[in-house]
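**Student:** Here it is: the structure, laid out below.
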Amino acid sequence: IAGKNPASLLPIRIEKHWQQAKDEAQKIVDSIDIIKTAPVLLAALYWAEGNKKGFVFTNSDENMIKVFLKIIRESYGVDNNAILATIRINTHTYAKKSIDYWRNITRIPRRNIKTDINSLQNKGRKKYGICRITIRKGGYLLKLVNCINSELTSKILSHILNKDKKPS
């Protein structure tokens, strides 16, 4: 547009890119079978945010916690008796409000939620702290998730390496 300051066009361009990304994301998600993809998503989430020694998943993002719990409940039949939550807060965080908040997010009984108040280790100022989900007797699930990640990694790397090979 002649005579327009390029900086004034920046918000329009940004908005256009957001819409384009949203449309492309919608097409990608529409093509996915969520039921079949759930174990892969669980494995990816766990790979990024899980503990390597026990089936423990820690995050402060409520949606990530919700998705993680939904998959382990619905895809693997884990019930609330096997789910424990530890809310990691510091002395600047209100414990009762944090417990109520995470109880609402996780839908697990109050008896399965405890707090870890430690201002030296928990220096973050997240309003409701960090939620650490532990699955009792989760050894097999941990092995399964690790094996899914291993298989996915192998398959992806193999595909990439084969794709990069040029015919001689």
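The values are calculated or read from the model by the stated rules, or taken from the named source; none is laboratory data. Just so it is clear, the structure is predicted and the values come from calculations on it, not from any experiment. No Cβ is skipped: glycine too gets one built from the backbone with ideal geometry, and neighbour counts run over all protein chains shown. Just so you know, the surface numbers come from the protein's heavy atoms only, side chains and all, with ligands and any DNA or RNA stripped out. Shrake-Rupley method; radii C 1.70, N 1.55, O 1.52, S 1.80 Å.
**Student:** How large a share of the accessible area of the chain, in percent, is made up of carbon and sulfur atoms when the probe is 1.4 Å and the other protein chains stay in place?
**Tutor:** 57 percent
**Student:** Would you kindly derive the ³J(HN,Hα) couplings of region 17-29 from the backbone phi angles with the Karplus curve 6.51 cos²θ - 1.76 cosθ + 1.60 (θ = phi - 60°), listing them in order in whole Hz, with x for Gly and Pro?
**Tutor:** Whole-Hz 3J(HN,Hα) from phi for region 17-29: 5, 4, 5, 4, 5, 4, 5, 5, 4, 4, 5, 4, 5.
**Student:** Run the numbers for Ser154 and Glu15: contour at 0.36 nm per residue of separation, minus the present Cα-Cα distance, in nm.
**Tutor:** 46.3 nm
**Student:** Next up: With a 10 Å radius around each residue's Cβ, average the other Cβ atoms per peptide and rank 61-71, 79-89, 10-20, highest first.
**Tutor:** Answer by packing, highest mean first, reads 79-89, 61-71, 10-20.
**Student:** Over all directions, what mean area does the Cα convex hull of region 32-114 project, stated in square nanometres?
**Tutor:** 6.0 nm²
**Student:** While we're looking at this one, here's another question. Which order do the peptides 126-135, 105-114 take when ranked by the mean count of other beta-carbon atoms within 10 Å per residue, highest first?
**Tutor:** The peptides rank, most packed first, as 126-135, 105-114.
**Student:** Express the accessible area of region 35-151 per residue in Å², computed with a 1.4 Å probe while the remaining protein chains stay in the model.
**Tutor:** Ligands and nucleic acids excluded, the result is 60 Å² per residue.
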